[in-house]
């Protein structure tokens, strides 16, 4: 799936979400999360696995319970588990478990722990990080918010505050049919004009 469309402005391309820039400039909570990632050198410790931060924090649609989500590309799960356990195994709340493959997501390892009171989740699978659904969804959601504005983002926050997951919240507000995770991912290849049309926006 081609999630990088050349005619989107630079701040809405995949490259804009590399590193900590989006996270630290998203909100006060994002800045706090970026500081934690930097102080504990999380991306450096995971550098061999192409780590990318995703989720609601870089989009400023997080809730008080939101975590820092990091995607990794892993070809050898045993080696990754060994590296991760040595790096993070003594941290509060550390746990790691295998996630079985689904029709759309390959087998993965999911690792969780807490840093300075903020939960961290690392999702590792054998797919390039920016081709994983977590990244594709974030990119599409950023584009939708950019087009629909703060009012739409507020609606997402309210639904999330009521316990609705991010992708179902987007789908509910937009009236998307079918599996919300698939429906959003399929919007990744849309150009700005196509996205506007899909969202029912007029020029």
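Inside region 174-199, can you point out the residues that are out of contact with any helix residue (DSSP H, G or I) (no Cβ under 7 Å at 6 or more places or on another chain), under 24 Å from residue 14 (Cα atoms) and part of a loop (DSSP other than H, G, I, E, B)? Across region 174-199, the qualifying residues are 179, 186, 189, 191. The criterion of being more than 20 Å from residue 86 (Cα to Cα) and in contact with a helix residue (DSSP H, G or I) (Cβ under 9 Å, 6 or more places away or on another chain) holds for residue 35.
Looking at region 137-150, is at least one residue without any contact (Cβ under 8 Å) to a residue 24 or more places away in the chain and outside any loop (DSSP other than H, G, I, E, B)?
Yes, region 137-150 contains a residue that is without any contact (Cβ under 8 Å) to a residue 24 or more places away in the chain and outside any loop (DSSP other than H, G, I, E, B).
The listed residues are 130, 144, 136, and the only one of them that is buried (at least 20 other Cβ atoms within 10 Å of the Cβ), in contact with a helix residue (DSSP H, G or I) (Cβ under 9 Å, 6 or more places away or on another chain) and farther than 20 Å from residue 105 by Cα turns out to be 144. For region 30-54, a residue qualifies if it is under 19 Å from residue 139 (Cβ atoms) and in contact (Cβ under 8 Å) with a residue 40 or more places away in the chain, and the qualifying residues are 33, 50, 51, 52, 54.
Taken across region 115-124, residues that are over 25 Å from residue 19 (Cβ atoms) and assigned by TED's automatic domain parsing to the domain that holds residue 35 do not occur at all. Counting only residues that are touching a strand residue (DSSP E or B) at 6+ places or on another chain (Cβ under 8 Å) and part of a loop (DSSP other than H, G, I, E, B), region 102-117 holds 3 of them. Scanning region 158-173 for residues that are touching a helix residue (DSSP H, G or I) at 6+ places or on another chain (Cβ under 9 Å), in a helix (DSSP H, G or I) and surrounded by fewer than 16 Cβ atoms within 10 Å (Cβ to Cβ) yields 158, 172. Among the residues of region 53-100, those identified as surrounded by 15 or more Cβ atoms within 10 Å (Cβ to Cβ) and within 16 Å of residue 41 (Cα to Cα) are 53, 68, 69, 70, 71, 72, 83, 84, 87, 88.
Apart from one condition, residue 176 fits all of (1) buried (at least 18 other Cβ atoms within 10 Å of the Cβ); (2) at pLDDT 95 or above; (3) out of contact with any strand residue (DSSP E or B) (no Cβ under 9 Å at 6 or more places or on another chain); the exception is (2). Restricting attention to region 8-36, the residues being more than 10 Å from residue 58 (Cα to Cα) and in contact with a strand residue (DSSP E or B) (Cβ under 6 Å, 6 or more places away or on another chain) number 1.
The values are calculated or read from the model by the stated rules, or taken from the named source; none is laboratory data. In this text, all values refer to a predicted model and were calculated from it rather than measured experimentally. Heads up, the Cβs are rebuilt from the backbone with ideal geometry, glycines too, and the neighbour counts pull from every protein chain shown.
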